[in-house]
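Peer 1: Quick one: the structure is below, and I'll ask about it shortly.
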Amino acid sequence: MLLQIGGKSQRLSGYVCEEPNCSVRYSSSHGYWVTSPDGRELEGEVVPAVSCPKDGALMYLAEVRPEQRSYRLWRCAACGTSLTNEELSRASNA
């Protein structure tokens, strides 16, 4: 994908949300971000990245549950580790 930040363009390998009108993007090097409606320019802040506790790679958001709004399942593309946001919270408080 081609991302424009200000007047500069940068090519990235990454993932694009498949839902209609969704402007969320993800790359393993930059984590999550939201683009303009045309999908080319960075808007606002980058969503906080979640790093894998095993290898430090950025994890991607694999599952959400609309009926359980706080639920998030994060997965590491490098090693396959999966963690919920609840497990991540407990680990950071330990």
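The values are calculated or read from the model by the stated rules, or taken from the named source; none is laboratory data. Not measured: the values here are computed from a predicted model. Counting neighbours? That spans all protein chains shown, and the Cβs are built from the backbone with ideal geometry, glycine included.
Peer 1: What tally of residues in the range 33-56 results from selecting those that are at pLDDT below 75, in a strand (DSSP E or B) and not hydrophobic (A, V, I, L, M, F, W, C)?
Peer 2: Residues in the range 33-56 being at pLDDT below 75, in a strand (DSSP E or B) and not hydrophobic (A, V, I, L, M, F, W, C): 5 in total.
Peer 1: Which residues, counting only those in the range 72-81, are without any contact (Cβ under 8 Å) to a residue 24 or more places away in the chain and within 17 Å of Tyr32 (Cα to Cα)?
Peer 2: Arg72, Leu73, Arg75, listed by residue number.
Peer 1: Something else now. Quick one: how many residues across the range 61-90 are in contact with a Pro (Cβ under 9 Å, 6 or more places away or on another chain) and of a type in the set (Val, Ile, Thr)?
Peer 2: Number satisfying all stated conditions: 1.
Peer 1: Quickly run through the range 69-91 and pick out the residues that are part of a helix (DSSP H, G or I) and among the aliphatic types (A, V, I, L, M).
Peer 2: Start the filter on the range 69-91 by keeping residues that are part of a helix (DSSP H, G or I), which leaves 85-91.
Across the range 69-91, the qualifying residues are Leu88, Ala91.
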